[in-house]
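Some notes on the structure that comes next.
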Amino acid sequence: MVLDKNTFGHQNFNIQDKRLFNGNTNYSDTANIERKIAIEPAQASGRASLLASICYNTTVITVHENWHCTQSGLCVSGVCDECALCVDYSFSYHTEVHCFDEEVGGPPSGGGGTGGGGGGTGTPPECGGGLPQLRGQVQEGCTPGWNPNTGGIGYDPDLDPASYPETPEILLFEQDYRGQMSTQELAIFDNMPRIKQLQYLFNAKSALDWAQSIYPTSVHNGNGDAFRHAYFSAMNAKVLGVHLAKQLGDAHETFPNNNPIENQMDLFNNQYGRNLFVELSQNGMGGHFFKESVILLLKNIRIPNGELRKIAPLGPNSEILPSSQLVPTD
């Protein structure tokens, strides 16, 4: 794994054979949903072998059964009498991190053998037959007990640079969106690394696409507008950080001639989105399916419950009227 890291840059590995680190793992077969090794080489201290500091994360999920009676007599002491509604479940998560030092390799042995340690006659077959897309996969004649963790459990596409390609479509969107940025926002945007610029643009486009799909008649000043700002800010908080997301969101609302009531609505919904990221992260929901969680929560619960803000009444083209006010979403 250390050689794999030094050669291919893989930092995390899925562990398939617990015996690799026998006595150091304390794995629980029923509690783990993730087995991952993060390798950070330590100082070799003059050894012929490499001393590696090896850490692994274990995400433990606990299922809680919550019994209750929907009708008298249906549930007695946790026993369900043909009633599928007398129990529901809740989940809690925590991550355990365990580290230890392990010597990788060893002093050279005499004998000049080519197979390692005094007279080997051949080289074991390379995993995947040398094909990069197969390297590390367990197969007959090659069973390392681990494989690079480049996806699957523990993988988060929202944080993967490969999820933000510089396509002709996003470049065209960028050209249009720059015209909607304030001077302050452009100053921040132009000083960001390109990957963060692309993440910001992808989030803006995704927010607009989802708002138009769910709320085709209220993308401006209505429920769709509230959704778009909250979703955009929540995604920015996750991939850019809460501080940079706030800087960009506040700067966007300094656009000249922005209507004061629209400005107030947008700032409120932007802050709601950032708070939603913090809330979900603290409850173990800030990872792989964060985007889907935000969409479902906003659409089905938070907006119908009036937790965000929109403007009403509006004119036939969603324009502000003299009687328009900031009101809860519905």
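Observations
- Net +/- balance of residues flanking Glu262 in space, Cβ distance below 12 Å, scoring K and R +1, D and E -1: -2
- For Ile170, the shell of other residues with beta-carbons less than 13 Å away shows a net charge of -2, using +1 for Lys and Arg and -1 for Asp and Glu.
- Rolling a 1.4 Å probe over the protein chains gives Leu208 an accessible area of about 50 Å².
- The residues Leu276, Leu159, Leu244, Leu267, sorted by heavy-atom accessible surface at 1.4 Å with ligands and nucleic acids left out, run Leu159, Leu267, Leu244, Leu276 from largest to smallest.
- Heavy-atom accessible area order for Thr183, Thr329, largest first, 1.4 Å probe: Thr183, Thr329
The values are calculated or read from the model by the stated rules, or taken from the named source; none is laboratory data. This is a predicted model, so every value here is computed, not measured. As a convention, Cβ positions derive from the backbone with ideal geometry for all residues, glycine included, and neighbour counts pool all protein chains shown. In case anyone asks, the SASA skips ligands and DNA or RNA and just uses the protein heavy atoms, side chains included. Shrake-Rupley method; radii C 1.70, N 1.55, O 1.52, S 1.80 Å.
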